[in-house]
Amino acid sequence: MKILALVGSYRKGGTCDSAVEEILAGAREAGAETEKIYLLDKKLEYCTNCRSCTQEPGEHPGRCILDDDMPGLLAEIEGVDGLVLASPVNVGTVTAVMKTFLERLVCFAYWPWGRPAPKMRKPSRNKSALLVISSAAPAMMTRWLTGTAGIMRKGVNFMGARVVGTLYIGMAADRPHRELPAGVRSRAERLGRKLAGGK
């Protein structure tokens, strides 16, 4: 089994990144192969909503007219069994780099002109996914008062995956460099093992 983590944080080694490391460690412990990609390191252009990528039918993602790193990223996603999407909450939602990535996932829809709604290219969800969301607010407030998880869940669904767990990390901005609490580390590791099919 191969698991790919996509980190939408602007700070390597920060709260989200550290939680992803714990998840991937748990997955490796359960026998999975893991990889982590920082979206910040990729050249991702903004979707212009031209819908060129949605016009041709087929199971695979449609081809975008933009010349950037998205095709390589999509190829990586297609080749894995599990996904981890991680983003801090910025101004009530995912970071701009995560949102840019999520908007580009429209290529997983077949939506020719004249059709009133898109049809998902991958109606069956044969991948599993975890969401990691950190926030300056308490975790419970982040869960109920922001739409962050919903936005990320839609992206996961587009990619033909289903969310099997969400890790909320609250009070993540009370100091410049914050160690992950032991309880969060433990839960992250357990979620990683679960994602990899372990106990």
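Only one entry in Gly150, Gly160, Gly165 is over 18 Å from Glu21 (Cα atoms) and touching a residue at least 24 places away in the same chain (Cβ under 8 Å), namely Gly160. Do we find that Ala96 is of a type in the set (A, V, I, L, M, F, W, C), surrounded by fewer than 20 Cβ atoms within 10 Å (Cβ to Cβ) and within 24 Å of Leu167 (Cβ to Cβ) in this structure? Spelling it out, Ala96 is indeed of a type in the set (A, V, I, L, M, F, W, C), surrounded by fewer than 20 Cβ atoms within 10 Å (Cβ to Cβ) and within 24 Å of Leu167 (Cβ to Cβ).
Considering the stretch 1-52, the residues that are in a helix (DSSP H, G or I) and charged (D, E, K, R) include one that is farthest from the chain's Cα centre (by Cα), namely Glu29.
Pairing residues of the stretch 104-117 that are in contact (Cβ under 8 Å) with a residue 40 or more places away in the chain and surrounded by 12 or more Cβ atoms within 10 Å (Cβ to Cβ) with residues that are in a loop (DSSP other than H, G, I, E, B) and small (Gly, Ala, Ser), at Cβ distances under 7 Å and at least 6 apart in sequence or on separate chains, gives Cys107/Gly62. Looking across the stretch 29-44, the residues that are crowded, with 16+ Cβ neighbours inside 10 Å and among the basic types (Lys, Arg) come down to Lys36, Lys42.
Residues are listed down the side, and each one gets a yes or a no for (1) out of contact with any Phe, Trp or Tyr (no Cβ under 7 Å at 6 or more places or on another chain); (2) over 30 Å from Ile169 (Cα atoms):
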residue	(1), (2)
Pro61	no, yes
Cys64	yes, yes
Val89	yes, no
Arg104	yes, no
Val132	yes, no
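Under the condition of being under 30 Å from Ser135 (Cα atoms) and surrounded by 13 or more Cβ atoms within 10 Å (Cβ to Cβ), the residues counted in the stretch 45-67 number 2. Close Cβ contacts (under 6 Å, 6 or more residues apart or on different chains) running from residues in the stretch 177-197 that are farther than 13 Å from Glu29 by Cα to residues that are surrounded by 13 or more Cβ atoms within 10 Å (Cβ to Cβ) comprise Leu180/Ser18; Val184/Ile169; Arg185/Glu22.
Among the residues examined, Ala173 qualifies as in a loop (DSSP other than H, G, I, E, B), in contact (Cβ under 8 Å) with a residue 24 or more places away in the chain and either closer than 28 Å to Ile77 by Cβ or of a type in the set (Gly, Ala, Ser) (or both). Looking at the structure I just gave you, is Met152 closer than 21 Å to Leu40 by Cβ and either part of a loop (DSSP other than H, G, I, E, B) or of a type in the set (A, V, I, L, M) (or both)? Taking the combined requirement at face value, the residue satisfies it. All conditions in (1) of a type in the set (A, V, I, L, M); (2) within 19 Å of the chain's Cα centre (by Cα); (3) at pLDDT 95 or above hold for Leu66, with the sole exception of (2).
The values are calculated or read from the model by the stated rules, or taken from the named source; none is laboratory data. Being a predicted model, the structure only gives us computed values, none of them experimental. Heads up, the Cβs are rebuilt from the backbone with ideal geometry, glycines too, and the neighbour counts pull from every protein chain shown.
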